[in-house]
Amino acid sequence: MTTFGHRESLHYDRRATRLLTGLYRRISADVDTTAAPGATVLDLGTGPGKLLAHIATRRPDLTLHGLDLSPHMIDIARHNLTDHRTELTVGDVTDLPYPDASIDLIVSSLSMHEWPDLTAAFSEIHRVLRPGATATVYDFRFARTREIRHSAGRIDRENIRLPWYPVALVTRYRLHTA
Ligand SMILES: C[S@@+](CC[C@H](N)C(=O)[O-])C[C@H]1O[C@@H](n2cnc3c(N)ncnc32)[C@H](O)[C@@H]1O
C-alpha cells in the first residue's frame, strides 16, 4: 500500500519543486544524451511528474509514460503535466501494465527504496525494455545497495554529486538489456 495519500502527495509536490530541481535537471540531461530520437521513455514512481516535465521540455520528440502506485500522486502529475503529451498510470513496479519489449529507456528517481520486492520489479523492468535498451535508477546513496545486486543482475553504479551539496548523496544504477 502507498504511503503517499492526498496530503502527503501535495506536501511532497511543493517540497520536491524546491529541493530536487538540481536532480531533475541532472537526470533529464542524462536522458537527453541517452534517448534516441522519438524514443519511448518510462518514469517509474514518477510521483508529481516533475522529472517528466523537465524531460518533456528538453526533448519534445519523446513519447513519455509515468507510473506511480499512488493515485493522489498521479492526480498531481496530471495537473503538473497539462502542457505535455504524457501518459500517466496508477500501477505497481512489480506488475507493469506495458507489453513486453515496448520501452526504450526507463528512468526512476528516489522511488526504488520503497519498492516492496526488488526481484519482481527488476524482472518487470527487463520484460518491458526492448533488447539493447537501458534502465537508469537514481536513489539515495545507501538505499538497498546489496539487495539491488542480487535482484537486478549485472548493473553499473555511480555516485552522483549535485551542485548544491558537497558530497554525493545519490547513486545512479544503470542496467542494459542484452
Ligand atoms: C519519494 S517519491 C519520488 C517521486 C519522484 N520520482 C521524484 O523524484 O520526485 C517516491 C514515489 O515512489 C512511488 N512508489 C513507491 N512504491 C511504488 C511501487 N511499488 N510502484 C510504483 N510506484 C511506487 C510512491 O508512490 C512515490 O510517489
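Here are a few things to note about the model shown:
- Each residue of segment 27-42 was assigned a 3J(HN,Hα) from its phi angle through the Karplus expression (A = 6.51, B = -1.76, C = 1.60, θ = phi - 60°), giving 5, 5, 5, 4, 4, 4, 7, 9, 7, 6, x, x, 5, 9, 10, 10 Hz with x at Gly and Pro.
- Multiplying the residue separation of Asp32 and His150 by 0.36 nm and subtracting their alpha-carbon distance yields 39.6 nm.
- Ranked from largest, the principal axis spans of the Cα set of segment 6-176 equal 39, 36, 31 Å.
- Under Karplus coefficients 6.51, -1.76 and 1.60, residue-wise ³J(HN,Hα) of segment 3-13 in Hz, glycine/proline x: 8, 9, x, 4, 5, 4, 5, 4, 4, 4, 4
- Applying both filters, DSSP loop and at most 14 other Cβ atoms within 10 Å, to the trypsin sites (Lys or Arg not before Pro) of segment 38-108 gives Arg85.
- Charge context of Pro99, other residues only, Cβ under 14 angstrom, K/R +1, D/E -1: -3
- Around Leu62: net Lys/Arg minus Asp/Glu count, Cβ-Cβ under 14 Å: -3
- Pairs of Cα atoms nearer than 8 Å and 6+ residues apart set the relative contact order; for the chain it is 19 percent.
- Accessible area per residue, Å², the chain with all protein chains present, probe 1.4 Å: 50
- Euclidean distance of C-alpha centroids, segment 121-178 and segment 5-78, integer Å: 17
- Our coupling estimate for segment 160-167, obtained by passing each phi through the Karplus curve with A = 6.51, B = -1.76, C = 1.60 and θ = phi - 60°, is 10, 9, 8, x, 8, 9, x, 10 Hz, Gly and Pro reported as x.
- Per-atom-type breakdown for segment 1-147 gives carbon and sulfur 53% of the accessible area (1.4 Å probe, protein chains only).
The values are calculated or read from the model by the stated rules, or taken from the named source; none is laboratory data. Keep in mind it's a predicted model, so treat the numbers as computed, not measured. Neighbour counts run over all protein chains shown; Cβ positions are idealised from the backbone, glycine included. Areas reflect the complete protein model, heavy atoms only, side chains present, ligands, DNA and RNA absent. Shrake-Rupley method; radii C 1.70, N 1.55, O 1.52, S 1.80 Å.
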